[in-house]
1. Which residues, counting only those in the range 421-451, are among the polar types (S, T, N, Q) and either modelled with pLDDT of 95 or more or crowded, with 21+ Cβ neighbours inside 10 Å (or both)?
2. For the range 252-267, check the following and say yes or no: at least one residue is without any contact (Cβ under 8 Å) to a residue 40 or more places away in the chain, among the acidic types (Asp, Glu) and not assigned by TED's automatic domain parsing to the domain that holds Val361.
3. When the residues of the range 357-373 are filtered to those that are surrounded by 20 or more Cβ atoms within 10 Å (Cβ to Cβ) and either modelled with pLDDT under 95 or not in a helix (DSSP H, G or I) (or both), which remaining residue is farthest from the chain's Cα centre (by Cα)?
4. Can you find, within the range 314-329, the residue that is nearest to Gly482 (Cα to Cα) among those that are of a type in the set (Val, Ile, Thr) and part of a helix (DSSP H, G or I)?
5. Does Leu412 meet the test of being crowded, with 20+ Cβ neighbours inside 10 Å, over 28 Å from the mean Cα position of the chain (by Cα) and in the same structural domain as Val530 (by TED's automatic domain parsing)?
6. Could you pull out the residue among Asp60, Asp139, Asp130, Asp94 that is acidic (Asp, Glu), over 25 Å from the mean Cα position of the chain (by Cα) and under 18 Å from Gly170 (Cβ atoms)?
7. Go through (1) of a type outside the set (Phe, Trp, Tyr); (2) surrounded by fewer than 19 Cβ atoms within 10 Å (Cβ to Cβ); (3) on the phi < 0 side of the Ramachandran plot for Gly521 and report which single condition fails.
8. Among (1) within 30 Å of Arg389 (Cα to Cα); (2) in a loop (DSSP other than H, G, I, E, B); (3) not assigned by TED's automatic domain parsing to the domain that holds Ser111, there is one condition Ala305 misses while meeting the rest; what is its number?
Amino acid sequence: MEVRVSRRVPRSRALLALALGAALAVPLTLTSPATAAADPYTVTPLTFTVRAGGRTCAIDADLYRPAGVDRDHPAPAVLGTNGFGGSKSDGSTDTIGKAFARRGYVSLIYSGLGFGRSGCLISLDDPAIDGAAAAQLVDFLGGKRAADDGTTADFVTRDAPGDPRVGMIGGSYGGAVQLATAAVDHRLDALVPMITWNDLAYSLAPNNAPGSGGVPGAFKWQWTNGFYLIGEGQPLLQPGLDPSRINSLACLHFVTEACRTVHTLNSGSYPADRTAELLAFARRVSPVSYLHRVHTPTLLVQGQADTLFNLNEATATYRTLKAQGTPVKMIWQSWGHSGGLTGPATGELDLSKGNLDTSYVGRRVLAWFDRHLRKRTHVDTGPPFAYYRDWITDPDRTYATAGHLPALSRTLYLSGDGTLVDHRGKVARGSRGYTNWLIPTSHSESSLTGLIGLQDSPPRDTKGTYLAWTSAPLERPLDVVGAPRATLKVVSPKAERTQNSADAADKLVLFAKLYDVAPDGTRTLVRRLVAPVRVPDVTKSFTVTLPGIVHRYERGHRLRFVIAASDDAYFGNRGIKPVTVISGPRNTGVLQLPVAGS
């Protein structure tokens, strides 16, 4: 394998560039179509003074009112807000207001706290702050309060006095706020969270070893610092900030706990007290900690092309809501924070093309709101689970549907000779090893290049710093739908000596991933996804849950499972920690695959 070394941009400059790029592209990559000369709605700018997080601040909003909707002819409402770094006016947000107003819904679109012309600090969709603020907008739609200029909304359908018929829709930062609002306000009737998180502790410092408890994973430094700098750089993006958006010189525009969390992650040191504080805050503002209070019917839409919030996040939310009886369905679309396909040619939702009615996801969203907001009980809201298949060329057939997620139904074994075999008896005895360098030697993806629209370099691994196991060529296509799982046992005396340190950063870090190897040797890292692991205890076997994928391994292709010592999108090992993997028929690693149709 050829190893190419390129000059690296200093991290401070790279982070600045990342922030500037993200500022342009972080909100959903949708643009607003031109407004028709005679749109069947009116738009009224409104301001609401709210109390949130111990502060009083203003929320900037636009009210879209369809023609013909009045007190005698009310309509249900749709509430929406922006992704991180956006506002009510960006193309991904105001399009929501226009699209649903054209379909007869009253739409209230607002700039989230800390963004656009809205006040207060950025608090990462905290239910007690962002959720409480959104609930005060629900009060307006329910007739319990007026906007600051005295405007009231006596034309919204109500289920009871003060209880409007209202749904929410939005993506990323505008997705999690829906769950946060539903946790504190049970008046919501329908949610459509798109490409959002379940647990920020997993999103920002993923540890894909289940049961790792209070051990943080590998810090996703590019994504995290990009968003952090967008938030702290608000004076450059929005001159003349409301004083309620200023915290202190040490932490300008976020709540203090958010800044402490980022500072701890960047330090690369995770002593028990700081780790506990980090995890407690990240989980407190995440759905994982409050989903038990969410009972609103929820249609989850997650992106397959997403290294920020991968499919495992939506799966965790889906399973929790389903287990507690909350009506929930899930769609895995093509596009996410890392790109993907949109538009009529692919059959994928793209609001900039106005294809709510002609895209699969768009029709599912409209049906969800028809059923739960218009109470059209005859409307079919679709199957429990659906997923986009990029190997299908007919736009009308790209989505497959199922009553449940595929189970782990195919097992392969890690043989000592570097092969993946289908029976334990075929495992050859052997021992192989790798070691990390003091700098990253593997590359999966760069958040920077994706955010500013540049071509990323191909994924790569440096010889001697990873191990790979490769299957025989497939005799028939294999469709993997879901999160593969590997059970591993490694030997690392140096990691064993340091893993009981008071600092969790001294534990062994590795990165698991799954390639598709074509007959000509071309390797594809599916969606550039990797599974970082901070191994809880190297003296014991451990399980790795890889990010979910939807991928067809074609006939003649081979699967290649890799564990690497590093990845330049993450913080990795502290110090040199050689690793050995020993295999034998009675004791070897196992890779399990969720296969559709098996």
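The values are calculated or read from the model by the stated rules, or taken from the named source; none is laboratory data. This structure is a prediction, so every number in the text was calculated from the model and none was measured. Neighbour counts run over all protein chains shown; Cβ positions are idealised from the backbone, glycine included.
1. The initial filter retains those residues of the range 421-451 that are among the polar types (S, T, N, Q), namely 431, 435-436, 441-442, 444, 446-447, 449.
The answer is Ser431, Thr435, Asn436, Thr441, Ser442, Ser444, Ser447.
2. Within the range 252-267 (the criterion being without any contact (Cβ under 8 Å) to a residue 40 or more places away in the chain, among the acidic types (Asp, Glu) and not assigned by TED's automatic domain parsing to the domain that holds Val361), the answer is yes, since at least one residue qualifies.
3. Out of the qualifying residues, it is Leu373.
4. Our first condition is that a residue be of a type in the set (Val, Ile, Thr); within the range 314-329, this holds for 315, 317, 320, 326, 328.
Next, only the ones that are part of a helix (DSSP H, G or I) stay: 315, 317, 320.
Working: Thr315: 9, Thr317: 14, Thr320: 17 Å.
Going through the qualifying residues, I end up with Thr315.
5. Values: crowded, with 20+ Cβ neighbours inside 10 Å: yes; over 28 Å from the mean Cα position of the chain (by Cα): yes; in the same structural domain as Val530 (by TED's automatic domain parsing): yes.
So Leu412 passes the test.
6. Numbers: Asp139 fails: under 18 Å from Gly170 (Cβ atoms); Asp130 fails: over 25 Å from the mean Cα position of the chain (by Cα); Asp94 fails: over 25 Å from the mean Cα position of the chain (by Cα).
Selected residue: Asp60, the only one of Asp60, Asp139, Asp130, Asp94 that is acidic (Asp, Glu), over 25 Å from the mean Cα position of the chain (by Cα) and under 18 Å from Gly170 (Cβ atoms).
7. (3)
8. Condition (3) is where Ala305 drops out.
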